[in-house]
1. Of all residues being open to solvent by 70 Å² or more (accessible area, probe 1.4 Å) and assigned to a loop (DSSP other than H, G, I, E, B) in region 368-382, which is modelled with the lowest pLDDT? Just the residue, please.
2. Of all the residues that make up region 276-291, how many are within 30 Å of S120 (Cα to Cα) and either buried (at least 20 other Cβ atoms within 10 Å of the Cβ) or among the aliphatic types (A, V, I, L, M) (or both)?
3. Among the residues of region 303-328, how many are within 16 Å of the chain's Cα centre (by Cα), of a type outside the set (S, T, N, Q) and either closer than 15 Å to W362 by Cβ or open to solvent by less than 20 Å² (accessible area, probe 1.4 Å) (or both)?
4. Give the residue that is nearest to the chain's Cα centre (by Cα), with candidates limited to residues of region 107-156 that are open to solvent by 20 Å² or more (accessible area, probe 1.4 Å) and of a type in the set (A, V, I, L, M).
5. Residues of region 241-275 being open to solvent by less than 20 Å² (accessible area, probe 1.4 Å) and either without any contact (Cβ under 8 Å) to a residue 12 or more places away in the chain or on the phi > 0 side of the Ramachandran plot (or both), which ones?
6. Taking the condition of being under 17 Å from D346 (Cα atoms) and either open to solvent by 70 Å² or more (accessible area, probe 1.4 Å) or in a loop (DSSP other than H, G, I, E, B) (or both), how many residues in region 64-79 meet it?
7. Tally the residues that are open to solvent by 40 Å² or more (accessible area, probe 1.4 Å) and either within 19 Å of L331 (Cα to Cα) or in contact (Cβ under 8 Å) with a residue 60 or more places away in the chain (or both), restricting the search to region 34-63.
Amino acid sequence: MLSFLYARQSGLDDPVRLRRAESTRRVLSLELNHNRDVDRIHGNGINTLDIEVIDGRYMLSGGSDGIIVIYDLENNSKKPQYTCKAICTVGRSSRHVHKFSVETVQWYPHDTGMFVSSSSDKTMKVWDTETLKPAEEFQFDGNVYCHHMSPVARKHSLVAVGTKDPKVQLCDLKSGSRIHILQGHRGEILSVRWSPRYDHILATASTDIRVRIWDVRRASGSLFTLDQHNGDKSKASSEAVNTAHNGRVNGLCFTADGLHLLTTGTDDRMRLWNSGTGENTLVNYGKVVNESCKGLKFTVSRGCSPEFVFVPCGSSVAVYGLHSGELITMLRGHYNNVDCCEFHPDYQELYSGGKDCNILAWVPVLRQPGIEDDETNSKRGGTQAAINPAFEDAWSSDVD
């Protein structure tokens, strides 16, 4: 590590490369932290997690019990062993609580004073964080499986909503009404995701085994439909033309730069697409076991080189190289299926929630000085240290 600090101090490398290399090393060393607990509040499985990006301090969770919890992730005790406390709960005693399972929770991207939840009780609620009361409530005809707000939009306040209905709903937080529907799918909408690059680009996934990309400024249909065969009709039957998977598509996730889109399906496959052209990059992740009956909440690292994908896989979280498709490791610690995971880019930490009612914290291992450090330090006057092999590989790939 000190070698990179020395290179930075000497002006040999810029700080971005140093930061990416260290972020990569930290992700490669993730393990279950037995010194950090998260308050166990939910009485049933945890379906969804979200960490706000303003301070990176507060995390939302939503469970099959209909309960919503806000956690403080900060270590206020300053002790090595601590518990992330639940500071607010919308529990069964609240008259505003969801009647059935909470499928998605999300902080308002620009202010922690508001968050949005959607549920199998056919509602989506916009909450005031301070009062824990809904400021707005949207009613739908069927179960709500997912919703998403654009992380970059400043010109609109649209929430994309996926329900049992094949039509994607666009709700406006400013007017409190549903202003538009996107028609094209023929099955339930299991996942929706706004691009982090363009505030008008939306991806939607459905039980009709298709993924559509939309420009919400256009009144016509979708821009294009993702095709796993890249237009090669000789490889596809007539039923499989313009299909993203050979099973229900239940997960979507853009990379941080918005240039690529990841999809997961019940065909036990994960695919990486060029989000601008819709081309299947043909990265082979192998068999990615997908037992989720509804939406699968997976995530991608940010600030690493290369980047990584974290995917719930049975009772574990599988970590893949984004562009290589290589299975890096399996994070094991849950006693039942994992349904969601959330990456914390400020500290390269991961939180996962499962049907065992637990939220687990996966934290980078602190680098221990090696025997070589003393020898190298003496040669360099204390400015050079031994290099962890994984860290060296990450640094080399970044420089290349």
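1. P369
2. 3
3. Of the residues in region 303-328, 13 are within 16 Å of the chain's Cα centre (by Cα), of a type outside the set (S, T, N, Q) and either closer than 15 Å to W362 by Cβ or open to solvent by less than 20 Å² (accessible area, probe 1.4 Å) (or both).
4. Ranking the candidates gives V152 first.
5. G258
6. Adding up the residues that qualify gives 3.
7. Of the residues in region 34-63, 7 are open to solvent by 40 Å² or more (accessible area, probe 1.4 Å) and either within 19 Å of L331 (Cα to Cα) or in contact (Cβ under 8 Å) with a residue 60 or more places away in the chain (or both).
Rundown of residues vs (1) outside any strand (DSSP E or B); (2) over 22 Å from P151 (Cα atoms), yes/no style:
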position: I87; (1), (2): no, yes
position: R92; (1), (2): yes, yes
position: Q106; (1), (2): no, no
position: P109; (1), (2): yes, no
position: S118; (1), (2): no, no
position: K125; (1), (2): no, no
position: P134; (1), (2): no, no
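The values are calculated or read from the model by the stated rules, or taken from the named source; none is laboratory data. Treat the numbers as computed from the prediction; the structure is a model and nothing was measured. No Cβ is skipped: glycine too gets one built from the backbone with ideal geometry, and neighbour counts run over all protein chains shown. Remember, those area values only see protein heavy atoms, side chains included, never the ligands or the DNA or RNA. Shrake-Rupley method; radii C 1.70, N 1.55, O 1.52, S 1.80 Å.
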